[in-house]
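Heads up: the structure comes next, in structure tokens.
The values are calculated or read from the model by the stated rules, or taken from the named source; none is laboratory data. Bear in mind the structure is a predicted one, so any value in this text is a computation, not a measurement. Here the Cβ is made from the backbone with ideal geometry for all residues, glycine too, and neighbour counts use every protein chain on show. These accessible areas exclude ligands, DNA and RNA; they are computed on the full protein's heavy atoms, side chains included. Shrake-Rupley method; radii C 1.70, N 1.55, O 1.52, S 1.80 Å.
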Amino acid sequence: MAGETGRREFTQDGTVDLKGSPVLRSKRGGWTACSFVVVYEVFERMAYYGIASNLVLYLTRKLHQGTVTSSNNVTNWTGTIWMTPILGAYMADAHLGRYRTFVIASAIYLSGMCLLTLAVSLPALRPPPCNQIDVTKCKQGSKLQLGVFYSALYILAIGTGGTKPNISTIGADQFDIFDPKEKIHKLSFFNWWMFSIFFGTLFANTFLVYIQDNVGWTLGYGLPTIGLAISVLIFLAGTPFYRHRLPTGSPFTRMARVIVAAVRKWEISIPPDPKELYEFDLEEYASKGKFRIDSTNTLRFLNKASVRTGSNSPWMLCSVTQVEETKQILCMIPILLATFVPSTMVAQINTLFVKQGTTLDTSIGSFHIPPASLAAFVTISMLVCVVLYDRFFVKIMRRWTKNPRGITLLQRMGIGLILHIIIMLIASLTERRRLSVARQHGLVESAGTIPLSIFILLPQFALMGTADSFLEVAKIEFFYDQAPESMKSLGTSYAMTSLGVGNFLSSFLLSTVSHITKRSDGHKGWILNNLNASHLDYYYAFFTVLNILNFIFFLIVTKFYVYKVEISGPVEALREDQMSTYIVSRQEEPVV
């Protein structure tokens, strides 16, 4: 009887320990395991944003780069940071598993942080100091100096490619969606996950930024490096409590097989009865802790891949579940495209928004506010809004909508997109005022400090945090939730890819607009090294229009999006129908 009770305690979603044996729900997973993951993320975000938040000013003040060059170098690096998770997700889902991929990537990440700290600490690895207003006239960094610095940044980027898509997925994997209580906890996981991210970010944007501006870059970068080392140790300490998923093979290969098979059979008719399509037996899925998906009419052409023609080649015949998994990944692409423009807006926080702050009065009495520390208000706003959303908004909306989330994930994203329109409109009007005061005091050519408090930028920073609490949280939850069970890391990497493309798009738009406006505006242009002679108000107005057009596109693509069927109400039926086979098939396994 004891053995039978133990077997019933196995998680029913296919999670195992590092040896591949099924695990007990009472001993692994849940919020106990997630606590290690969440604490890791606090320290890791402190490390990452300890570098990213103030990087544009290091490039300007220490490496003597101009406005466009420094901003683009930041966004190109940040873009790489958010694009490499595609590779990390592939390695996790196809070969190493999420845990092992994460541990290896953490070692690479930490080595990059150590080299970066060394690069900012040794005088031989940076140009001599220079106090000229136009920093581009100062001595530039040598090939060796720039090579070491950028090598460190991009080694760090490779490391984050393996940590970012897997750490949040590891956290979400700790909840069994076949257990009603754990399923409810999972609905709140991503809210509190983002809370932990921004808690670490708050520390970076206040304390670490102040250290970098007022004490030194060695300590300012050394502390994040130590923080990252601590975060890795915390994660490793939670190893005995984690539930793991085995790698399921390359998701790209499985999707390619479906597309190729459908194209090769494009002349074949699809039978009217979906039961005639090729599919594995339920027991085969249950024995591996996987999910069988019924055929749908979405992207119906791909159903041809499951039509039997006599050949059993995986490039000619795919199961219905493989076809539906491919559909789920492909159907999210239009939503992904709609997130590129708001991700471009997020890129302005650590670039142009910070550069604006350097032109304003940063003093409060004898204390000077580091311009990059205004990003702390993004964090504070985000933290407050996430708590209010999770504790009050969701409960109120549940009564009206009967949706466990309060509103749908796409509705939550839509609210975030509307806020981005408002943010860039406010940013444009604020910049017009800043330029007007600069003209009134004759500070256009001299590039002097404008007698306006840096806090005039506060609304655009604070509203960006509010927008994040809607868009960014919903985005990562949407791409995780709507991805097939065997492709969760790939789905999560969509959210990272959005930020990566947004940063690269920011670099492209900044360079293109700067070049075009210099040619058409008497060689002055909208974005110059001297921001007092620039026209960032026009640039932000352009972003406002871009956000409006993007919101219209979002409304169109969401109208046609069909949510993946969730495992919700009939939990008991699912248990008895699908997962009972899993438990029976494991009855000879030792209880761990």
Q. Which residues make up the longest stretch of the chain that has no GluC sites (Glu not before Pro) in a DSSP loop with at most 10 other Cβ atoms within 10 Å?
A. 1-266
Q: Read phi for every residue in region 140-157 and hand back ³J(HN,Hα) as whole Hz from Karplus 6.51 cos²θ - 1.76 cosθ + 1.60, θ = phi - 60°, with x for Gly and Pro.
A: 7, x, 6, 4, 5, 4, 5, x, 5, 5, 6, 4, 4, 4, 7, 5, 4, 5
Q) Tell me, how many Å apart are the Cα centres for region 106-133 and for region 459-497? A) 32 Å
(Q) What are the ³J(HN,Hα) couplings of region 56-62, residue after residue, when phi is run through the Karplus curve with 6.51, -1.76, 1.60 and θ = phi - 60°? Round to Hz, x for glycine and proline. (A) 4, 6, 5, 5, 6, 7, 9
Q: Tell me what the chain gives for mean residue ellipticity at 222 nm when only DSSP H runs of n ≥ 4 count, each as -39,500 (n - 2.57), the sum divided by the residue total, rounded to 500 deg cm²/dmol.
A: -20000 deg cm²/dmol
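Could you rank PHE353, PHE455 by how accessible they are, 1.4 Å probe, largest area first? Working shown, then result.
On the way: PHE353 0, PHE455 75 Å².
These residues rank, largest area first, as PHE455, PHE353.
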Q.
Between helix 180-203 and the chain, what is the angle of the helix's C-alpha long axis to the longest principal axis, kept within 0 to 90° and rounded to the nearest 10?
A. 20 degrees
Q.
Limiting things to C-alpha atoms, what are the Rg and the maximum Cα-Cα separation (Dmax) for region 168-212, in angstroms?
A. 15.0, 48
Q.
Rolling a 1.4 angstrom probe over the protein chains, ignoring ligands and nucleic acids, what is the accessible area of VAL437 in square angstrom, nearest 10?
A. 20 Å²
Q: Please determine, in degrees from 0 to 90 and to the nearest 10, the orientation of helix 488-520 with respect to the longest principal axis defined by the Cα atoms of the chain, where the helix direction is its Cα long axis.
A: 30 degrees
Q | Within region 131-165, chymotrypsin sites (Phe, Trp or Tyr not before Pro) in DSSP loop having at most 15 other beta-carbon neighbours inside 10 Å | A | none
Q: Rounded, prolate or oblate: pick one for region 321-419, where a ≥ b ≥ c are the square roots of the eigenvalues of its C-alpha gyration tensor, a/c under 1.5 means rounded, and failing that, prolate if a/b is larger than b/c, else oblate.
A: oblate
Q. Amide H to amide H under 5 Å from LEU452: which residues, 5+ apart in sequence or cross-chain, H placed 1.01 Å off N in plane?
A. ASP361
Q) Between ASN131 and PHE392, what is the spin-label point distance in nm, taking each point 7 Å from the Cα along the Cα→C-beta axis? A) 5.1 nm
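Placing unit charges on C-beta atoms (Lys and Arg positive, Asp and Glu negative, everything else neutral), compute the dipole magnitude of region 350-419 about its Cα centre in debye, rounded to 20. Mind dumping the intermediate values first?
Details: 8 positive and 2 negative charges, 128 e Å.
Result for region 350-419 is approximately 620 debye, rounded to the nearest 20.
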Q) Quick one: if you take sqrt(5λ) for each eigenvalue of the C-alpha gyration tensor of region 60-158, what semi-axes come out, biggest first, whole angstrom? A) 33, 15, 8
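Computing the accessible area with a 1.4 Å probe over protein heavy atoms, can you report the carbon and sulfur percentage for the chain? Can you show the working numbers first?
Values: 15670 of 24220 Å².
Summing carbon and sulfur atoms, their accessible area is 65 percent of the total for the chain.
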(Q) As an exercise, take the mean of 1/r over every pair of distinct alpha carbons in region 394-489, invert it, and state the Kirkwood radius in angstroms. (A) 16.3 Å
Q) How much solvent-accessible surface does LYS518 expose, in Å² to the nearest 10, with a 1.4 Å probe and all protein chains in place? A) 80 Å²
Q. Protein chains only, probe 1.4 Å: how do ILE133, ILE516, ILE426 rank by accessible area, largest first?
A. ILE133, ILE516, ILE426
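Sorted by accessible area (1.4 Å probe), largest first, how do SER35, SER250 line up? Intermediate values should be presented prior to the final figure.
Working: SER35 55, SER250 20 Å².
Reading off the accessible areas and sorting them downward yields SER35, SER250.
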Q) Along the charge dipole of region 17-176, which of GLY161, GLY50, TYR150 sits closest to the positive end, that is, farthest toward it, with unit charges on the beta carbon of Lys, Arg, Asp and Glu (+1, +1, -1, -1)? A) TYR150
**Q.** Binned Cα-Cα distances of region 185-331, short to long, each 10 Å bin given as a whole percent
**A.** 9, 25, 19, 15, 16, 11, 4, 0
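Let me know the Kirkwood hydrodynamic radius for region 305-373, please, with Cα pairs as the basis and the value in Å to one decimal.
Working: mean 1/r = 0.0589 Å⁻¹.
After inverting the mean inverse Cα-Cα distance, the result is 17.0 Å.
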Q) Which value, in Å², gives the accessible area per residue of the chain when a 1.4 Å probe is used on the protein heavy atoms? A) 41 Å²
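At a Förster radius of 56 Å, what calculated FRET efficiency corresponds to the Cβ-Cβ distance of PHE553 and ALA124, to the nearest 0.05? Before the final figure, lay out each step's value.
On the way: r = 50 Å, r/R0 = 0.90.
Efficiency, rounded to the nearest 0.05: 0.65.
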Q. If each of LYS181 and ARG432 carries a label point 7 Å out from its Cα toward its Cβ, how far apart are those two points in nm?
A. 5.8 nm
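Evaluate the relative contact order of region 282-343 (contact order divided by residue number), counting alpha-carbon pairs under 8 angstrom at least 6 apart; express in whole percent.
Values: 35 pairs, mean separation 18.4, N = 62.
It comes to 30 percent, rounded to a whole number.
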Q. Going 7 Å from the Cα of ASP281 in the Cα-to-Cβ direction, what parts of region 310-331 have a backbone nitrogen less than 19 Å from that spot?
A. 319-322
Q. Dipole of the chain, Cα-centred, from +1 at each Lys and Arg C-beta and -1 at each Asp and Glu C-beta, to the nearest 20 debye?
A. 940 debye
Q: Report the extension gain between ALA229 and THR253 in nm, rounded to one decimal, defined as 0.36 nm multiplied by the number of residues separating them, less their alpha carbon distance.
A: 5.1 nm
Q. Stretched out fully, how many nm does the piece from ARG264 to ALA237 gain, at 0.36 nm a residue minus the Cα gap?
A. 4.7 nm
**Q.** Rounded to whole Hz, the Karplus (6.51, -1.76, 1.60) HN-Hα couplings of region 466-480, x for glycine and proline
**A.** 4, 4, 4, 5, 9, 6, 5, 5, 5, 5, 5, 5, 4, 5, 6
(Q) Tell me the accessible surface of LYS524 in square angstrom (1.4 angstrom probe, heavy atoms of protein chains only), to the nearest ten. (A) 130 Å²
